[in-house]
Amino acid sequence: MSIKPITATAILLSLFLYSTGFTETYVTWDTMEIDKCASAWLIKRFIDKEAVFKFIPKGELVTDGIPFDTPDSKFRRYHNMSTFESILKEYKIQDPALIHIGQIIHDIEVSYWAGRQVEGSEELEKDIKEIIKSSSSPGESFIQGFKVLDEMYDRIR
């Protein structure tokens with residue numbers, strides 16, 4: 001049995017990309033908020049451990065990479081769903097701790113007029129806002145925010 005050239009090429013390309021550490025780049029605006037930080041954490045910890053994040057100026061069109069938390073992206077906030085929840089839905093993630101974190105993000109970002117109804121919302125909102133305020137860059141906000149979200153995930157599990 002012979003392998004068709006295109007199939008062999010595809011296999012070799014896949015092996016090359018895997019062996020060279022090829023990673024996806026996720027692109028978002030350089031403005032920071034809780035949903036964006038939590039969504040990046042979800043991507044990095046549970047979807048694509050090799051993910052790289054790129055920040056572009058607010059309002060700029062994403063022309064490369066996988067966009068998230070921008071108005072035209074698949075993974076974004078909707079009137080009834082946070083960016084975090086849209087990622088959970090797309091990847092059919094059923095982890096109860098992640099679903100609970102999604103409810104917290106929803107409570108903070110989507111249901112903000114109703115006051116905080118979900119346990120953990122006030123704490124996460126305070127912690128991440130403090131990180132965003134004290135960080136010198138969006139990347140630094142992600143690094144520090146990921147630590148808070150790792151701790152929250154471990155407590156909820």
Practice problem: Go from 0 up to the bin containing the longest alpha carbon distance in the chain, width 5 Å each, and give me the % of pairs per bin. | Solution: 2, 9, 17, 20, 19, 13, 7, 5, 4, 3, 2, 1, 0, 0
Quiz prompt | Cα-projected label distance for E122 with K54, points at 7 Å along beta-carbon direction, nm | solution = 4.2
Quiz item: So how strong a dipole does the stretch 22-128 carry about its Cα centre when Lys and Arg Cβ are +1 and Asp and Glu Cβ are -1, to the nearest 20 debye?
Solution: 220
Exercise. Have a look at the stretch 94-141 and give its Rg and Dmax from the Cα atoms, expressed in angstrom.
Key: 12.0, 34
Quiz prompt | 3J(HN,Hα) from dihedral phi, the stretch 122-127, Karplus parametrisation 6.51/-1.76/1.60, rounded to Hz, x for glycine, proline | solution = 4, 5, 5, 4, 4, 5
Quiz prompt | Out-of-range pairs (alpha-carbon distance over 22 Å; input K44/K147; K49/K92; K58/K92; K89/K126) | solution = K58/K92; K89/K126
Self-check item: Rounded to 10°, Cα long-axis angle of helix 138-156 versus longest principal axis of the chain
Solution: 80
Practice problem: Measure nothing fancy, just the Cα-based angle from helix 5-19's long axis to the longest principal axis of the chain, in degrees from 0 to 90, nearest 10. | Solution: 50
Quiz prompt | Burial order of peptide ranges 131-143, 46-58, 83-95 (average beta-carbon count within 10 Å, highest first) | solution = 83-95, 131-143, 46-58
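Readers should treat all values here as calculations from the given coordinates under stated rules, not as data from a laboratory. Computed from a predicted structure; not experimentally measured. Quick reminder, even Gly has a Cβ in these numbers, built from the backbone with ideal geometry, and neighbours come from all protein chains shown.
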